[in-house]
Amino acid sequence: MHSGADGTTFVEFCGERFPVVSGHPFYIGREATLTVDDNPYLHRRFLVLHDENAMWWLTNLGTHLSATVTAADLGFTATLGPGARMPLVFGRTSVVFSAGPTTYELQVQAGTPVGAPPHGDTGVGGDTTRGVPNFTESQKLAVLVLAEAILTRDGTGASAIPSSAQAAARLGWSLTKFNRKLDNVCDKLDLIGVPGMRAGGGRLASNRRLRLVEYGLSTGLIARGDLPMLDRELSRNIPPDLH
């Protein structure tokens, strides 16, 4: 997770910075750690920023309001609906939400929580990333291909996440093989309590792919340096002259 030199985490709102401390949930709302407004349409506690499993998370505590979370430098945008949460893995993040006629915007700078693995400790050399199950190469490829557009800064939001058919074609796999590998990854993560892994078809399946990308990036399971694996896998399955 990118952070400043001092590793601090803070929320910036209306030109003022509010520090966020590991082990102390930071609430945002009408009556909260950061009281943004006395707007009656706004929940008393709408959002909470907290650290868990060596990551910073943003959780929507509301019942009817959503927030838009954007990392402009990566072209990444996601909607955080009521009851949902997501890791803040992109360093500086913009959070926008509306309550009644008023729209609010704040910035979150996510440093490294206390107790997090040192930067770069991603299990290179055969060890497993801390807090990440031991995945096979093909299972890692299934996650990596979903994140390719985001890692190359090409594409925006959920539209940057390929469909299962597109992902399978990128690897030279059959759709059945890709879905099987994806199910294996989701089963492993579900067993350790990662939310959003078990889902049906349609919209839920799309959300599951996005959650996999968020998890893969936030834990260091996948990184930009892994991208050459995709071309190697494609060449292994489809001769280059047939691409």
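The values are calculated or read from the model by the stated rules, or taken from the named source; none is laboratory data. Because the structure is a prediction, the values reported are computed rather than measured. Note: ideal-geometry Cβ built from the backbone for every residue, glycine included; neighbour counts use all protein chains shown.
Within region 120-137, one or more residues are surrounded by 19 or more Cβ atoms within 10 Å (Cβ to Cβ) and modelled with pLDDT of 75 or more. The listed residues are 93, 77, 59, and the only one of them that is modelled with pLDDT under 85, crowded, with 16+ Cβ neighbours inside 10 Å and part of a strand (DSSP E or B) turns out to be 77.
Listed here are the residues, each with its yes/no results for (1) crowded, with 18+ Cβ neighbours inside 10 Å; (2) outside any helix (DSSP H, G or I); (3) modelled with pLDDT under 70; (4) aromatic (Phe, Trp, Tyr).
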position: 199; (1), (2), (3), (4): no, yes, yes, no
position: 205; (1), (2), (3), (4): no, no, yes, no
position: 209; (1), (2), (3), (4): yes, no, no, no
position: 216; (1), (2), (3), (4): yes, no, no, no
position: 225; (1), (2), (3), (4): no, no, no, no
position: 233; (1), (2), (3), (4): yes, no, no, no
position: 236; (1), (2), (3), (4): no, no, no, no
position: 241; (1), (2), (3), (4): no, no, yes, no
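For the condition in a loop (DSSP other than H, G, I, E, B) and either at pLDDT 80 or above or closer than 30 Å to residue 223 by Cα (or both), residue 114 qualifies.
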